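I have placed the structure first, in the form of structure tokens, so that the comments after it can refer back to it.
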Amino acid sequence: MECAGVGLHSGAPVHLRILPAPAGSGIIFRRVDLDGFEVEAISRNVARVSYATSLMKRGVLISTTEHVLSAFTGTGIDNAIVELDNLELPILDGSATPFVDLIRKAGIRKQRRPRTYLRIRRELELREGDKFIAVYPSDTYSVSYTINFRHPLIGKETFSVDLSDGNYLREIAPARTFGFLHQADAMRQQGLIRGASTENALVLTPDGLMNPPLRYRDEFVRHKVLDLIGDLALLGKQILGNVVADRAGHAMHTALVSRLLRDRSAWEETTVEDGVRRDAPAAYAAAGQAG
Ligand SMILES: [Zn+2]
């Protein structure tokens, strides 16, 4: 299954294809324009992180990975290859829904090997000024996010969701990225948002929205949840834990990932979801064929 678009920050045209991968591979990006060079979607390859999360391996960049990785977690995909022919993922409509649709069209295949979870055993909290992110033990994967922007359409918003029962597809995937019109010129001068438009981002004016309607009244905070789930995918495993974030961003999301991976006493690997079910859930792969 293939799609085409432009990168949000680079504005570069890009084609994307999702292919199946064997159990245990995880998510792998493959640059078909660079002899098929592969960059694994894991914490070790995290490079620049500011307005988007980028991976780099031996000088090869994969930019703005968070939305497609979020879609993989949301659809329960553990293993897949993402082929692209440029340095940045396409922004499409600014949400994860087009990636979810692409994954569903490719098909989802149950694999024989049990899925490995990263189960949080004790809390880990990071603070930076008024920004906060933490993870706490839980039998399911849940996320709670708070943002606070001085804007008539936003203000203080909190959104909490348990990702275990299909909530991602209904509550999170459609939420689009957003930006403030008054910051656009400065960001363009930094080489950012060159592909941004009212087709792929919610654009906030000082007192409203350039491109209504919103898909949810609180679409902004839901998009932050989407981003966080995408960044946490860099753990390389589905989490069993409750993640809480307050005014965090990609840098803090990925800092939590690397701190967690370094602190082996904070988690354990398990193949059992809740200790009650006897059958371990299987790993799932994107199937590659049109379904
Ligand atoms: Zn985003």
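The values are calculated or read from the model by the stated rules, or taken from the named source; none is laboratory data. As the structure is a computational prediction, the values presented were derived from the model and not from experiment. Here the Cβ is made from the backbone with ideal geometry for all residues, glycine too, and neighbour counts use every protein chain on show. Side chains are part of the model used for accessible areas, which takes the heavy atoms of the whole protein and leaves out ligands, DNA and RNA. Shrake-Rupley method; radii C 1.70, N 1.55, O 1.52, S 1.80 Å.
Below, the figures for the structure above:
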| read-out | value |
| --- | --- |
| Solvent-accessible heavy-atom area per residue, rounded to whole Å², over the chain at 1.4 Å | 45 Å² |
| Accessible area (Å², 1.4 Å probe, nearest 10) - Met56 | 80 Å² |
| In nm, spacing of pseudo-spin labels at Ser258 and Ser138 (7 Å Cα→C-beta vector) | 2.5 nm |
| Asp162 versus Asn211: modelled label distance in nm, points set 7 Å from Cα along the beta carbon direction | 3.5 nm |
| Region 156-257 - Rg (one decimal) and Dmax (whole number), Cα, Å | 14.8, 43 |
| Fluctuation leader among Arg247, Arg127, Arg58 - the chain, Gaussian network, Cα springs under 10 angstrom | Arg58 |
| Residue-span extension gain [Phe180 to Thr271] - 0.36 nm each, minus C-alpha spacing | 28.5 nm |
| Rounded FRET efficiency, nearest 0.05, which uses the C-beta distance separating Asp218 from Glu123 and R0 of 25 Å | 0.40 |
| Chain lengthening between Arg104 and Asn148 when straightened (0.36 nm per residue, less Cα-Cα) | 12.4 nm |
| Choice from Gly24, Gly36, Gly11 showing the highest fluctuation, given a GNM over the chain with Cα pairs closer than 10 Å | Gly36 |
| Inter-site label distance for Ser197 and Leu169 at 7 Å from Cα along Cβ, in nm | 3.0 nm |
| Residues whose placed amide H lies under 5 Å from that of Ile193, excluding near-sequence neighbours | His9 |
| Net dipole in debye of the chain [+1 Lys, Arg Cβ; -1 Asp, Glu Cβ; about Cα centre; nearest 20] | 500 debye |
| Sum of side-chain charges, Tyr51 neighbourhood, beta-carbon under 11 Å (Lys, Arg +1; Asp, Glu -1) | -1 |
| Principal axis box of region 7-129, alpha-carbon based, largest edge first, Å | 44, 42, 30 |
| Value of [θ]222 nm, deg cm²/dmol, for the chain, DSSP H segments ≥ 4, -39500 (n - 2.57) each, nearest 500 | -6000 deg cm²/dmol |
| Compactness of region 45-195, expressed as Rg and Dmax over alpha-carbon positions, Å | 17.4, 51 |
| All-pairs Cα distance distribution in the chain, expressed in whole percent, bin size 5 Å | 1, 6, 12, 17, 20, 18, 13, 8, 4, 1, 0, 0 |
| The chain: most fluctuating residue of Ile103, Ile147, Ile27 per GNM, C-alpha cutoff 10 Å | Ile147 |
| Fraction of antiparallel bridges per DSSP, the chain only, in percent to nearest 5 | 70 percent |
| Positive-end residue of Leu16, Ser258, Pro213, charge dipole of the chain with Cβ unit charges | Ser258 |
| Estimated Rh, region 73-115: Kirkwood, alpha-carbon pairs, angstrom | 12.2 Å |
